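Written below as C-alpha cells is the structure these notes are about.
The values are calculated or read from the model by the stated rules, or taken from the named source; none is laboratory data. All figures in this text were calculated on a predicted structure; none of them were measured in a lab. Glycine also receives a Cβ, built like all others from the backbone with ideal geometry; neighbour counts cover every protein chain displayed.
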Amino acid sequence: SNDVWAVGGYGNLTTQAQQLIQHWDGQSWTIVATPTLTSTFTELLAVSAVSTNDVWAVGCCNSGQPLIERWDGTSWSVVPHPDLGTGHRFQGLTAVASDDVWAVGDQGPPDGFSQTLVEHWDGTSWSVVPSPNVPNQHNSLTAVTAVPGSPDELWAVGRADPYTPFILHWNGTQWSIVPGPDAGSVPLLYGVVAISANDVWAVGWTSFGSGPVTLTLHWNGSSWSVVPSPNPSDTWNYLWGVTAFDENNVWAVGDFNTAGGHGQVLLLKWDGSAWAVVPGDNTGPDGVQFTLRAASAVSQNDVWSVGTNSHALAEHWNGSQWSIVSAPNAGVGDNIINGVSGTSSNDVWEVGYYWFGTENRTLIEHWDGAAWSIVASPNEFKRLNALNGVEALYPSDAWAVGAASSGQANDQTTLVLHWDGTSWTIIPSPSPGSGYMNELFAVSAISPNDIWAVGGLENTGEYAKTLVEHWDGTSWSVIPSANMPGVNNGLYGVVAIAPNDVWAVGYYGVAGFDTLIEHWDGSAWTIVPSPSPQNSSNILRAVYGTGTSDVWAVGYSLNFFNYFTSTIIEHWDGSTWTEVIGFGGSGPDSATYGVAALSPGDAWAVGDSGGLALIGRWNGSSWSAFPSPYVAARLYASTAISACDVWSVGQRYVENVGLLTLNEHFSCNP
C-alpha cells in the first residue's frame, strides 16, 4: 500500500509526449526522474514489479525502437534489448521473478502487416521469443500475465483476427494461439489477469452492430467464453485494464460516453457471479474527458486505477468508494485572457482559456470591486475550447464568444456563452463553414435584443471569409457580410454604436494582408476604404467608438524589409478613415490588440513592444505611451468604466512556469 508505480507520458499542445513515471509512497504521488533519451517522443505503456528494488517499465519512442527501463531501488535506467529495426513497440509487461520478465507488443514486418513481438529477460539479457500470428492480418499484443503458482504458464492478448479474440498461451516451451469465442465484430483485448490456472480474465471491447461495447472473457481451464458485462452508454463503452485480488474481487476499468460526448471513468466489479458498474470519481472541469487505462489491486480494500483527465489521473478504492487522489503533472498549462468588458467598478468580466493537459478549456473571471475570481464556464465536448471576446450589458446579462474544435478534424464550431446573473450557459450559434474554421473573435451589444459577433469561416477548398452573426433576443443567425474577392478575409473586432451604425475590422489578403473595415447601416454590410501602409502586412485587431463621428481601430503592421512590427491606429471622423500617428515602446516590435474610449478626448490602446506590455493614451490631439508595469507580457483587450477606472488584460510570461493571466488597472487615486 506504500509502494505503487504508474507510468505513461505527458505533453501539451506544442510539446511532444515524454515519458512519465510516478510513485506512491503511502502518502502522496511524486514524479520520479527518468533516463535522458535522444528521442523527441517517448511514452511508457506498462509497468510491473518483482520487488521494491526491481521494477520494469516498457513503451516506445519515435525512433520506432521499443523502450525498456528498470528501477534498481535508486534510479531508473534504460536496459538494452535486441535491435529489430524500426516500427516496434512494447505495450504489455509482466515480471514473474528477477530472472523471468516478459514484454509483449508488435513489430512492423516487410510484408506490410504488423506482427506480434515477445521478448524475455532471463536475468542477464533480453531475447526475442518466437510468437505466432494470424496470416494476412495486423497482429498486435497489448497485455500479458503470468499464472500464479505456475511460473511456466502465461497468457497474452491483443488483436488480429477481425472476427475472434486474439489470445496466446505460453506452456513453458512455446507460444500458441488459443481459440476464442464468437465475440462480435473486431473484438479488441487490452487487459488480462490470471487468478489461477482455471481462472483467467481478459477485457476490451467489441461491436454487435452498434457502437463499441465492453467485452469480458473468462478462461475456466478448458475454454474461453464471453461473460455479459454492463454498458452504461448507448454510443461507446471501453475497457482498457483489469486486475484481481481473488476470484470474487476482479476489477475492469475504462471509460464510457455520456450525453454530448463527455467521457467518464468506467469501473466494473466482478463479485463471483456478475459484473456490475461501480461509480467512479469524475470531478474536474466541465467537459473534460476522463478515462482509466490500468488497475492494480493491493488488497480487497486497496485498489488503484490510473489514466487521464487530460492530466495525470489516479483513483483509489478504499473498500467503499472510488475517489481521485492528487497526482503531480509534468509540464505547465498556460492561462490566457483575450477579452474584457464591464458595466461598473464592481462588475467586470474577462474571458480566455487555459491549458488543461492537452486540452483547452474556457476561462472566465469576474471582478467584484475587491478581487478577481474564476467563475465556472461550460465547454463544448471537444478538446480545444477558447473564448476570444466578451460584452457585459448588465450585471445579469453578459455574452462571451469563441470557438471549439477537436484539433484533429475540420470540426471547429462557433462557441457562444451567456451569463444570466447566476451561471454561464452555451447558447446555440451557427457554424456555416464546411472547412476547418468557424470562429468568433469579438462581440458588441446595442441592447439585449441587438447584439453582434464577428469572426471568420472557411468552406472546403475556398478562401477564408468574414463571419458576422446577430442576436435578436431569441436566436443567433448569420448575416451576410462583405468580402474582398479571391483572397482570405477575416474580422477580429466589432463595435455597435446604434442599430444602423456598427463597425467591424480585420484583414484581407493571401501572402500579405491589408486592413479591412466594414460598416452596417441598418440593412447591409459594406466595405469602407481604410488606410493600409505600403510594403507591409497589415491587420486590424480591435475597434471602439464613442459616437457616430468618433471611432478608433487598432492593429499592427509587419514591414516586409526589416520584418519589424509597428502599431497601426486609424480614426473615423464621420466621413473617412485616416491613419493617426501611433506610439511604440522601447523594443523594435510594437503591436496593438485592444482599444477603449470614453470620449473624443480620452482613449486607450493596449498591446506589446519588445516583449513587454504596452499601453498608449489619446489626449484629444496625440497618442503617447503611458507608463505601465515593466513586465514580460502582451495585453489583448481594454475596457474603460470611467475616466478613473480602466482595465487592460492579457497574458504574462513567468520563467519556468509559463503564461499566466495579466490584469492591469488604471485609477486616478492609486
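Does VAL79 meet the test of being out of contact with any Cys (no Cβ under 8 Å at 6 or more places or on another chain), under 29 Å from GLY108 (Cβ atoms) and in contact (Cβ under 8 Å) with a residue 12 or more places away in the chain?
yes
Taking strands (runs of 3 or more DSSP E) that fall entirely within the range 93-148, which contain at least 2 residues that are buried (at least 20 other Cβ atoms within 10 Å of the Cβ), of a type in the set (A, V, I, L, M, F, W, C) and in contact (Cβ under 8 Å) with a residue 40 or more places away in the chain?
Passing ranges, in order: 100-107, 115-121, 140-147.
Going through the range 257-285 one residue at a time, which ones are acidic (Asp, Glu) and surrounded by 14 or more Cβ atoms within 10 Å (Cβ to Cβ)? Talk me through it step by step, then tell me what you get.
In the first step, residues of the range 257-285 are kept if they are acidic (Asp, Glu); the result is 271, 281.
If the condition is that a residue be acidic (Asp, Glu) and surrounded by 14 or more Cβ atoms within 10 Å (Cβ to Cβ), then ASP281 is the only one that fits.
Would you point out the residue of the range 601-616, among those that are modelled with pLDDT under 95, closer than 18 Å to GLY339 by Cβ and of a type in the set (A, V, I, L, M), that is surrounded by the fewest Cβ atoms within 10 Å (Cβ to Cβ)?
The residue in question is ALA613.
Restricting to the range 430-469, what's the tally of residues that are part of a loop (DSSP other than H, G, I, E, B), within 22 Å of the chain's Cα centre (by Cα) and within 19 Å of LEU387 (Cα to Cα)?
Number satisfying all stated conditions: 3.
Taking the range 5-28 as the search range and keeping residues that are part of a loop (DSSP other than H, G, I, E, B) and crowded, with 18+ Cβ neighbours inside 10 Å, which one is modelled with the lowest pLDDT?
Selected residue: ASN12.
Out of everything in the range 245-256 that is touching a strand residue (DSSP E or B) at 6+ places or on another chain (Cβ under 6 Å) and surrounded by fewer than 24 Cβ atoms within 10 Å (Cβ to Cβ), what residue ends up being modelled with the lowest pLDDT? Step through it out loud before you land on a result.
First pass over the range 245-256, keeping only residues touching a strand residue (DSSP E or B) at 6+ places or on another chain (Cβ under 6 Å): 245, 247, 250-256.
Now drop any that are not surrounded by fewer than 24 Cβ atoms within 10 Å (Cβ to Cβ), which leaves 245, 247.
On the way: PHE245: 92, GLU247: 95.
The residue in question is PHE245.
Among the residues of the range 510-529, how many are closer than 22 Å to PHE564 by Cβ and at pLDDT 95 or above? Step through it out loud before you land on a result.
Here is the first cut: in the range 510-529, the residues closer than 22 Å to PHE564 by Cβ are 510-515.
Remaining after also requiring at pLDDT 95 or above: 513-515.
Qualifying residue count for the region: 3.
State all residues of the range 168-194 that are part of a loop (DSSP other than H, G, I, E, B) and surrounded by 13 or more Cβ atoms within 10 Å (Cβ to Cβ); if no residue qualifies, say none. Can you show your working first?
If we filter the range 168-194 for residues that are part of a loop (DSSP other than H, G, I, E, B), which is where we start, we get 171-174, 178-184.
Selection gives VAL178, GLY180, PRO181, ALA183, GLY184.
GLY421 is checked against (1) surrounded by fewer than 21 Cβ atoms within 10 Å (Cβ to Cβ); (2) under 20 Å from the mean Cα position of the chain (by Cα) and fails just one. What number does that condition carry?
Unmet for GLY421, out of (1) surrounded by fewer than 21 Cβ atoms within 10 Å (Cβ to Cβ); (2) under 20 Å from the mean Cα position of the chain (by Cα): (2).
Taking the residues in the range 470-518 that are assigned to a loop (DSSP other than H, G, I, E, B) and of a type in the set (Gly, Ala, Ser) as candidates, determine which candidate is nearest to ASN459 (Cα to Cα).
For the range 470-518, the residue satisfying everything is GLY486.
Name the residues in the range 201-249 that are in a strand (DSSP E or B), touching a Gly at 6+ places or on another chain (Cβ under 9 Å) and hydrophobic (A, V, I, L, M, F, W, C), would you?
TRP201, ALA202, VAL203, TRP205, VAL213, LEU215, LEU217, TRP224, VAL226, LEU239, TRP240, VAL242
Which is closer than 28 Å to ASN535 by Cβ, of a type in the set (Val, Ile, Thr) and in contact with a Gly (Cβ under 6 Å, 6 or more places away or on another chain), of ILE641, ILE568?
Selected residue: ILE568, the only one of ILE641, ILE568 that is closer than 28 Å to ASN535 by Cβ, of a type in the set (Val, Ile, Thr) and in contact with a Gly (Cβ under 6 Å, 6 or more places away or on another chain).
When only residues in the range 29-59 that are touching a residue at least 40 places away in the same chain (Cβ under 8 Å), touching a strand residue (DSSP E or B) at 6+ places or on another chain (Cβ under 8 Å) and not in a strand (DSSP E or B) count, which is nearest to VAL306 (Cα to Cα)?
Per the stated criteria, the residue is VAL32.
Only one of (1) crowded, with 22+ Cβ neighbours inside 10 Å; (2) modelled with pLDDT under 95; (3) charged (D, E, K, R) fails for GLU570. Which number is that?
If we test GLU570 against (1) crowded, with 22+ Cβ neighbours inside 10 Å; (2) modelled with pLDDT under 95; (3) charged (D, E, K, R), just (2) comes out false.
Please work out if VAL551 is within 32 Å of the chain's Cα centre (by Cα), modelled with pLDDT of 95 or more and crowded, with 16+ Cβ neighbours inside 10 Å.
On the way: within 32 Å of the chain's Cα centre (by Cα): no; modelled with pLDDT of 95 or more: yes; crowded, with 16+ Cβ neighbours inside 10 Å: yes.
Judged against the criteria, VAL551 is not a match.
Tell me, yes or no, whether the range 577-584 has at least one residue that is in contact (Cβ under 8 Å) with a residue 24 or more places away in the chain and within 23 Å of GLY339 (Cβ to Cβ).
Within the range 577-584, one or more residues are in contact (Cβ under 8 Å) with a residue 24 or more places away in the chain and within 23 Å of GLY339 (Cβ to Cβ).
State which residue is farthest from HIS120 (Cα to Cα) when the search covers only the range 159-199 and only residues that are of a type in the set (A, V, I, L, M) and touching a Gly at 6+ places or on another chain (Cβ under 7 Å). Let's see the steps before the verdict.
Taking the range 159-199 first, the residues of a type in the set (A, V, I, L, M) are 160, 167-168, 177-178, 183, 186, 188-189, 192-195, 197.
Among the residues that remain, those that are also touching a Gly at 6+ places or on another chain (Cβ under 7 Å) are: 167, 188-189, 197.
Working: ILE167: 18, LEU188: 24, LEU189: 22, ALA197: 21 Å.
Within the range 159-199, the match that is farthest from HIS120 (Cα to Cα) is LEU188.
Do you know which residues across the range 522-539 are part of a loop (DSSP other than H, G, I, E, B) and farther than 21 Å from ASP472 by Cα? If you could, list the steps in order and put the result at the bottom.
The initial filter retains those residues of the range 522-539 that are part of a loop (DSSP other than H, G, I, E, B), namely 522-524, 528-535.
Hits for the range 522-539 are VAL528, PRO529, SER530, PRO531, SER532, PRO533, GLN534, ASN535.
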